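FYI, it's all coordinate maths here, none of it is from the lab. Because the structure is predicted, anything quoted here is derived from the model rather than measured. With ideal geometry, Cβ positions are generated from the backbone for all residues, glycine too; neighbour counts draw on all protein chains shown.
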Amino acid sequence: MKKLTLISHVLCPYVQRAVIALKEKGVDFERIDIDLTNKPNWFLGISPLGKVPVLKVGDDVIFESAVIAEFLEDTVSPPLHPADPVRRADHRAWIEFASVVLSDIWEFYTAVNEEAFERKRKDLIQRFERLEARLQAGPWFDCETFHLVDASFGPVFRYFDVFDAIEDFGILAGRPKIARWRKALRERPSVATAVKPDYPERLRDFIAARRSHMAGLLLQAA
Amino acid sequence: MKLYYSPGACSLAPHIVAREAGIPLDLEKVDLGAHKLADGSNYYDVNPRGYVPAIRIKDSEPVLTEANVVVQYLADQKPDSNLMPKAGTPERYQAQQWLAFVATELHKNFSWLWHKETAAETKATVKAKLNTRFAELDKHFKTNDYLLGKTFSAADAYAFTIVNWVNFLGMNLKSFPSLQAFMDRVAARPKVQEALKAEGLIAA
């Protein structure tokens, strides 16, 4: 296979999906983290939306994390989707669900006032209620095998590791299946190493530098 | 000397004062949620109250805490910086009056707005009280560049740090143009820019 280079950002949850998929498939790749507040020209030249992740395959460029995942699925074994078309469609749908949750999380921690913050908190409670109902025996989304859908929720729960240290927002409380899945994901090597060890500190700094309700909570916590 | 800080918290006030005075500081970031330092050690062992700022002056002694006192200590190390008037003068008491005003009327009122236990009615009352104080400051800054008149002081660093918190609450200073002008004036000072960059609050 041609040389793979993943253009990334240290905090980006979508990058983490691609990293986890690459690691699960045991593919060698180079990771280049860029500064998204000061995007280098070479990056703008290859990224049509100016977003990460971008996967360079030799001289070819693939953008959008879902497409990168599908490309890896098409080209590298082992497969991370189920073989059965209906189950595969179900997994893809729940990956979309994970994207919606990521967008809720973004709006939650960037909410500029308490009202918007509370609204998003309630949205998130509902999302995880649905997710709890969907989960089965575990340890993974679909029982015994780790799939791409598991990879897509790794970055979701990672946010809560940082949020939990600020305050208990009551979003994941009382959901035993999610708690078990979250723990399994945290301990999965591909998920654990999809970010650097200083990720929590960097995320806190990123939140603190924004003018948001969560940033206020962060600077008051004591 | 070491300053224990958290980005944008009230520790920004002594951080600014140290830079304005030309006092080199070791900055040690505190994770206020977990009460931990970067090396994983327990911040309660440094400051049993768990909050910032704290400065370590001598290794063998307890840290000095409370923003309005820490800024005075730093300013007094460099009397020529004029960041605090000389002790015993009427001007000193003026400066201390402003520091106490910021600590009690602004800083502590703000704190209630982030507690989830605070009732909505209480939050509304606190916001109204803050707006009263902002109105007073707005009037003051119509005719004065800084709290003490013409010169920047440690009290301004503290007031700037605390009033900046309106940005974390979806409040704004639109009704207080002279107070906003003061905020812009302080933010534009080169040493304040340095401090904001060092804390990651503006792009370096």
Exercise for the section: Would you work out if chain B is rounded, prolate or oblate? Take a ≥ b ≥ c from the square roots of the eigenvalues of the alpha-carbon gyration tensor; rounded if a/c is under 1.5, else prolate when a/b is larger than b/c, oblate otherwise. Expected result: oblate
Practice task
Sum up the lysine pairs in chain A that clear both bars: alpha-carbon distance under 16 Å and a spacing of 8 or more or different chains.
Solution key: 7
Exercise for the section: Take the alpha carbon atoms of segment A:180-222, find their center, do the same for segment B:162-190, and report the distance between the two centers in whole angstrom. Expected result: 29
Exercise for the section: Just check segment A:37-118 against the gyration tensor rule for me: Cα atoms, a ≥ b ≥ c as the square roots of the eigenvalues, rounded for a/c under 1.5, and otherwise prolate or oblate depending on whether a/b exceeds b/c. Expected result: oblate
Fill in the blank from the handout: Gyration tensor on Cα atoms of the protein assembly as shown, a ≥ b ≥ c root eigenvalues, a/c under 1.5 rounded, else prolate if a/b beats b/c, else oblate, says prolate
Completion exercise
Residue by residue through segment B:36-43, the couplings from Karplus 6.51 cos²θ - 1.76 cosθ + 1.60 with θ = phi - 60°, in Hz, x for Gly and Pro, are 10, 8, 4, 7, x, 6, 7, 5
Completion exercise
Magnitude of the Cβ-charge dipole (Lys and Arg +1, Asp and Glu -1) of segment A:4-75 about the Cα centre, nearest 20 debye, reported as 240
Fill in the blank from the handout: Output field shielding_mean for B:28-37 (other chain Cβ, 10 Å radius) holds 5
Fill in the blank from the handout: Mean-square fluctuation maximum in Gaussian network of chain A, Cα pairs under 10 Å, restricted to A:PHE29, A:PHE157, A:PHE206, hits A:PHE206
Completion exercise
Computed from the beta carbon distance with a Förster radius of 45 Å, FRET efficiency for B:LYS108 and A:GLN136 to the nearest 0.05 stands at 0.35
Practice task
Divide by every residue of chain B the summed helix terms, -39500 (n - 2.57) for each DSSP H run of at least 4, and state the resulting mean residue ellipticity at 222 nm, rounded to the nearest 500 deg cm²/dmol.
Solution key: -14000 deg cm²/dmol
Problem - Residue among A:ILE125, A:PRO48, A:SER65 farthest towards the positive dipole end of segment A:1-130, charges placed on Cβ - result: A:SER65
Practice task
Please get the size of the charge dipole for the protein assembly as shown, origin at its Cα centre, with Cβ charges of +1 on Lys and Arg and -1 on Asp and Glu, quoted in debye to the nearest 20.
Solution key: 540
Practice task
Calculate one ³J(HN,Hα) per residue across segment A:157-163 by plugging θ = phi - 60° into the Karplus curve 6.51 cos²θ - 1.76 cosθ + 1.60, and present them in order as whole Hz with x for glycine and proline.
Solution key: 6, 4, 4, 6, 4, 7, 4
Exercise for the section: Provide the net charge surrounding A:GLU115, with neighbours chosen by a C-beta distance below 14 Å and charges set as Lys +1, Arg +1, Asp -1, Glu -1. Expected result: +3
Handout entry: Under Karplus coefficients 6.51, -1.76 and 1.60, residue-wise ³J(HN,Hα) of segment A:195-205 in Hz, glycine/proline x
Key = 10, 7, x, 8, 3, x, 5, 5, 5, 4, 5
Exercise for the section: Could you check the simple spin-label distance between A:ASN113 and A:SER77, using points 7 Å along Cα→Cβ, in nm with one decimal? Expected result: 5.8
Practice task
Calculate the tail of P(r) for segment B:1-108: the fraction of all Cα-Cα distances greater than 24 Å, expressed in %.
Solution key: 25
Problem - Förster radius 22 Å - calculated FRET efficiency between A:ASP90 and A:ALA192 (Cβ-Cβ, nearest 0.05) - result: 0.25
Practice task
Could you pull out every residue, at least 5 positions away or on a different chain, whose amide H is within less than 5 Å of the one on A:ASP33? Hs are placed 1.01 Å off N in the peptide plane, and Pro or chain starts have none.
Solution key: A:SER8
Exercise for the section: Please list A:37-48, B:27-38, A:9-20 highest first by mean number of surrounding beta-carbon atoms within 10 Å per residue. Expected result: A:9-20, B:27-38, A:37-48
Practice task
Taking every pair of Cα atoms in segment A:4-75, average 1/r, invert it to obtain the Kirkwood radius, and report Rg/Rh to two decimals.
Solution key: 0.93
